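Rule-based calculations on the coordinates, nothing more; no lab input. Here the structure is a predicted model, which means the values were calculated and not measured. Cβ placement follows ideal geometry from the backbone for every residue including glycine, while neighbour counts extend to all protein chains displayed.
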Amino acid sequence: MPRGRLLPALLADPAQRTPLLGWLGVGLAVRLALMPFTVSADLLAVYWRSHLIAYDGQLFGGYLVNMGAHYVHAASLRLLDWLLPPPHVVWTHPWWWADSFALSPQILRWFSTQPWTYQTLFALKLPYLLADLGAGLALLALLARTATPHTMRRAWAFWMLSPIGLYASYMFGRYEMFAVALVLGALLACERERPWLGAVLLGLAITMRAYPLLLIPVFALIVTRRVRAQAAWAVVALAPLGVMMAMNRLLAGSAGELERLKDFPPSGAFLSLSLPVDRPGQVYLFVLFALLVYGALAGRVYGWWGSPGGEFGDGVGGGVPVGQLWMWLLVLHAGLFALTAVSAHYFAWFTPFVALALGRRPAWRGTLPLHLLQCAAVLTLAQVIHGDPNILVGLLIPLEPDLAHALPNLQELLLTSPQLGLQVAGVLRTGLLALTALLAIPAVAELAWPPAQAGDRERRRADEQHQPAEGERWLVAEQPSAR
């Protein structure tokens with residue numbers, strides 16, 4: 001395949017193009033069916049803040065977070081203006097910011113019962129559809145060199161019908177795919193030996209969602225070889241966030257982003273699982289896990305546990321193969337969702353690595369069933385913890401405003417036994433941790449013992465087993481050579 005080609009060669013083959021386009025049609029049908037009929041308060045909130053940029057030329061200073069995504073939403077409002085009612089009709093003031101607990105349900109219900117509701121919801125989710133399809137094309141390009149036609153179709157079918165992907169983008173209506181598409185673009189650029197383009201794309205992803213900040217050390221250590229180059233790569237990846245914070249300061253008088261992120265989820269969720277100690281200073285499990293991943297990767301790259309070029313890597317001059325980058329990212333994302341307490345829609349960040357595993361490692365047969373169980377645990381846990389009918393069934397309020405309250409939810413069933421509710425939540429969270437660990441085990445094993453190295457060990461072990469005992473070596477030495 002030519003180095004600069006975006007789409008895989010399989011799309012040029014009618015035998016492969018037909019099933020890929022068939023799954024695309026199925027996925028589009030499901031997406032288009034969900035887009036007009038589901039709404040969440042989060043979807044309306046981000047668009048309300050973005051409408052201030054699009055129509056009033058100002059920032060909502062109370063929430064200067066993920067501003068890259070807000071600018072994309074604002075541009076979408078202007079581009080899709082012809083599909084939307086007049087702005088003053090949809091985006092009323094003061095919205096629910098004056099009293100969110102009291103006003104949010106009222107505004108959500110009012111929005112869902114207007115004559116323009118379906119058309120507006122469809123238009124508002126079009127940017128998410130484009131980002132989702134862009135992420136899917138990046139996946140196909142990533143799989144083109146390593147996947148077989150069968151495994152590529154399997155990964156593509158999963159992407160088209162990913163339960164959490166559909167939930168996050170088209171039911172709950174969140175912009176997770178903005179960041180996911182850019183992270184995949186960065187991975188693709190790095191695998192195609194364009195690491196600096198990868199740095200820029202990852203930097204743009206950080207302006208959409210802050211979580212790709214966690215990925216910078218993994219990318220930098222693998223895609224560049226020298227310490228100075230790694231530091232420079234990290235600086236380039238951080239540059240878009242710096243530009244965004246400077247714009248916030250100039251336009252709203254506050255840098256925002258990381259300065260404000262600590263006040264909003266999911267930042268607190270990253271520190272939610274901890275081990276108590278008898279003195280100040282808890283042990284945060286995800287922080288511990290992330291530091292261990294970074295340390296293990298740095299040790300492999302710099303040859304801490306072996307000489308450069310030896311069994312554990314080529315040191316600063318060689319490093320870890322870029323082909324392993326996606327597995328390191330899979331492991332880091334697995335720890336993120338096993339050891340934190342983030343909301344269900346954030347789990348969409350994990351789905352592209354499931355798709356890559358399906359396409360690149362068919363021998364990991366447990367990947368899909370384990371992930372589907374993860375999805376069930378994540379959505380059930382969200383319902384148990386929040387008890388908000390608008391988390392799942394209630395998202396269909398545009399179809400039937402009273403549906404959310406007509407059907408029982410899990411928290412209502414557990415109201416008479418609060419202790420049982422806590423236990424159920426604990427079991428679900430424990431189960432999610434176990435499922436995520438099981439899904440990541442094959443990647444961890446391959447990173448710790450790459451197949452070639454494992455084969456070398458087996459050969460060395462076999463040679464050792466065939467070595468003569470100490471007392472018999474003289475007999476071997478005395479044997480005449482064969483003529």
### Highest average packing first - 322-333, 423-434, Cβ atoms within 10 Å
322-333, 423-434
### Task
Pop out the ³J(HN,Hα) list for region 203-220 in order, Karplus 6.51 cos²θ - 1.76 cosθ + 1.60 with θ = phi - 60°, rounded to Hz; leave Gly and Pro as x.
x, 5, 4, 5, 6, 7, 9, 6, 4, x, 3, 5, 8, 4, x, 5, 4, 4
### Task
Mind ranking 349-361, 284-296 by how tightly packed they are, going by the mean number of other C-beta atoms within 10 angstrom, highest first?
349-361, 284-296
### Task
Set the Förster distance to 30 Å, then compute FRET efficiency between Trp110 and Leu80 from the Cβ-Cβ distance, nearest 0.05.
0.90
### Built amide H within the under 5 Å cut-off of Gly303, gap 5+
Gly315
### Query
Taking H as built 1.01 Å from N, whose amide H comes closer than 5 Å to the amide H of Asn66, not counting residues under 5 places away?
Glu257
### Query
To the nearest 20 debye, what is the magnitude of the charge dipole of region 9-455 about its Cα centre, counting +1 on the Cβ of each Lys and Arg and -1 on the Cβ of each Asp and Glu?
940
### Taking Phe178, Phe101, Phe111 and counting other C-beta atoms within 10 Å, the order from fewest to most
Phe101, Phe111, Phe178
### Convex hull of region 9-455 built on C-alpha atoms - directionally averaged projected area, nm²
23.9
#### Entry: Vicinal HN-Hα couplings computed from phi for region 369-384 (Karplus, 6.51 cos²θ - 1.76 cosθ + 1.60; Hz; Gly/Pro x)
x, 5, 5, 5, 5, 4, 4, 4, 5, 5, 5, 5, 4, 4, 5, 5
### Query
Residue by residue, what Karplus-based ³J(HN,Hα) values in Hz, rounded to whole numbers, does region 151-157 have, using 6.51, -1.76 and 1.60 with θ = phi - 60° and x for Gly and Pro?
5, 5, 4, 5, 5, 5, 4
### Query
So how far apart, in nm, are the two label points at Arg365 and Leu251 if each is 7 Å from Cα heading toward Cβ?
5.4
#### Entry: Amide H within-cut-off set for Ser274, under 5 Å, with H built and near neighbours excluded
Leu285
